[in-house]
1. Just to check your reading of the model, which residue among Ala28, Ala64, Ala74, Ala88 is over 22 Å from Gly114 (Cβ atoms), modelled with pLDDT of 95 or more, surrounded by 13 or more Cβ atoms within 10 Å (Cβ to Cβ) and out of contact with any Ser or Thr (no Cβ under 8 Å at 6 or more places or on another chain)?
2. Starting from segment 9-33, keep only residues that are closer than 14 Å to Ala46 by Cβ, then list their pairs with residues that are part of a loop (DSSP other than H, G, I, E, B) whose Cβ atoms are within a distance under 6 Å, requiring at least 6 positions of separation or different chains.
3. So which residues in segment 109-137 are farther than 23 Å from His21 by Cα, among the small types (Gly, Ala, Ser) and not in a helix (DSSP H, G or I), if there are any at all?
4. Could you check segment 43-61 and list, in sequence order, the residues that are open to solvent by 60 Å² or more (accessible area, probe 1.4 Å) and hydrophobic (A, V, I, L, M, F, W, C)?
5. Only one of Ser75, Ser79, Ser87 is out of contact with any strand residue (DSSP E or B) (no Cβ under 8 Å at 6 or more places or on another chain) and closer than 25 Å to Phe105 by Cβ. Can you tell me which?
6. Only residues in segment 108-137 that are without any contact (Cβ under 8 Å) to a residue 12 or more places away in the chain and at positive phi count as the first member; pair them with residues that are open to solvent by 80 Å² or more (accessible area, probe 1.4 Å) and assigned to a helix (DSSP H, G or I), Cβ under 7 angstrom, at least 6 apart or cross-chain, and list the lot.
7. Inside segment 108-133, can you point out the residues that are of a type in the set (Lys, Arg) and either open to solvent by less than 80 Å² (accessible area, probe 1.4 Å) or farther than 21 Å from Asn6 by Cα (or both)?
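The values are calculated or read from the model by the stated rules, or taken from the named source; none is laboratory data. Everything numeric in this text was worked out from a predicted model, so none of it was measured. Please note: Cβ atoms are built from the backbone with ideal geometry, for glycine as well, and neighbour counts cover all protein chains shown. To get the accessible areas, we keep the full protein, side chains included, count just its heavy atoms, and leave off ligands, DNA and RNA. Shrake-Rupley method; radii C 1.70, N 1.55, O 1.52, S 1.80 Å.
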Amino acid sequence: VVFRHNPLDHHCNPRVDKPFHPFACGAARAAVCAEEQGAFWPMHDALFANQTQLGEDRLLAYGAELGLGRDELASCMNSAQATHRISADLAVAKEVGVRGTPSLFLNRRKVPGGAVGYERLAAAVEAEVKACGGAGN
């Protein structure tokens with residue numbers, strides 16, 4: 001599983017021309033920086049569980065709840081390194097034609113439909129296994 005950031009706000013995504021998700025850039029920075037401390041998925045889960053509470057103070061509080069160093073997280077979130085990582089992910093999104101989130105790819109093929117349910121995802125994985133010469137089930 002490879003997670004790429006595609007924050008949908010004009011502050012960090014040049015492909016978005018107006019405010020859309022005002023906390024998306026900060027949330028992406030928090031996730032990138034949590035990853036540096038080994039806590040990407042726990043931060044990911046905290047961000048998605050609290051989508052209406054993503055101001056910088058809350059992002060730092062989520063980090064603290066996960067045992068991350070507050071000063072280290074804050075410094076990273078304001079760093080050129082975090083900006084570069086998100087910009088690199090945005091470049092990949094542009095290259096493969098991703099406009100919205102979520103977007104899912106299996107073996108470099110886009111799974112249509114955005115947020116797909118388990119059955120649809122399982123069928124797409126099964127089709128990929130068969131296309132690669134593997135046996136189903």
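1. Ala74
2. What qualifies is Phe23/Leu54; Ala27/Leu54; Ala28/His5; Ala28/Pro7.
3. Residues satisfying the conditions are Gly117, Gly133, Gly134, Ala135, Gly136.
4. Phe48, Ala49
5. Ser87
6. Listed pairs, sorted by first residue: Gly113/Arg120.
7. Scanning segment 108-133 gives Arg120, Lys130.
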